[in-house]
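Only the coordinates and a few stated rules stand behind these numbers; no lab work does. Since we're looking at a predicted model, the values are computed, not measured. Here the Cβ positions follow ideal geometry from the backbone for every residue, glycine too, while neighbour counts run over all protein chains shown.
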Amino acid sequence: MIPPHKHHSPGFLALVNDAKTRIREIDVEALRELLRDGRQAVIIDTREESEWACGHLAGAIHLSKGVIERDIETTVPDKDRLIVLYCGGGYRSALAADALQKMCYRNVRSLAGGWRAILAAGLPVEQP
C-alpha cells in the first residue's frame with residue numbers, strides 16, 4: 001500500500017525548495033536503470049527507524065535524516081561514490097543531499113517521489 005502524501009508547512013517547503021536549487025534529483029526510472037545496470041551506487045533510506053522497519057528498497061542501507069551527517073563518512077568514506085538518497089516523498093532526502101554536498105560529497109542524488117515512487121513503480125522491497 002502506498003502511504004498518503006503528507007501536508008507540509010510553508011516554512012518546511014521553502015527550506016526544501018531552496019535545497020533543491022543546489023542538488024540533483026533523479027526519478028524512479030533513473031533509479032530503476034541504476035539498479036538494472038548494477039552500477040555501484042549506495043542507496044540510503046533517510047526515513048525514520050519506524051518507517052524503515054515497515055519496509056524499504058531492497059539493498060538499501062538506513063541512515064535517517066537525524067544521523068546521516070554524523071555517520072556518512074564512516075559508512076561511505078569515498079566522497080566520489082554515487083549516493084542515492086530517498087525518504088517518504090523526496091523532501092527530507094533533498095535536505096540530506098544538500099548537507100552531504102556541503103560535506104564535499106560530489107555525486108549525491110535525491111529520489112524525487114521517494115518511497116511512494118518506489119512502491120508505485122514496483123521496485124523490489126524488503127518488508128518484515
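Worth pointing out:
- Any hit, the stretch 87-105, residues being touching a residue at least 40 places away in the same chain (Cβ under 8 Å), surrounded by fewer than 18 Cβ atoms within 10 Å (Cβ to Cβ), over 15 Å from the mean Cα position of the chain (by Cα) and farther than 23 Å from residue 40 by Cβ: no
- Exclusive hit being among the charged types (D, E, K, R) and either over 17 Å from residue 22 (Cβ atoms) or not in a loop (DSSP other than H, G, I, E, B) (or both), set 47, 106: 47
- Only one of 125, 108, 67, 84 that is surrounded by fewer than 19 Cβ atoms within 10 Å (Cβ to Cβ), out of contact with any Gly (no Cβ under 7 Å at 6 or more places or on another chain) and not basic (Lys, Arg): 67
- Some residue of the stretch 21-36 being under 16 Å from the mean Cα position of the chain (by Cα), loosely packed, with under 13 Cβ neighbours inside 10 Å and over 16 Å from residue 124 (Cα atoms): yes
- Test: residue 6 is more than 12 Å from the chain's Cα centre (by Cα) and over 18 Å from residue 117 (Cα atoms): no
- Residue in the stretch 23-41 that is assigned to a strand (DSSP E or B), under 14 Å from residue 116 (Cα atoms) and touching a helix residue (DSSP H, G or I) at 6+ places or on another chain (Cβ under 6 Å) present: no
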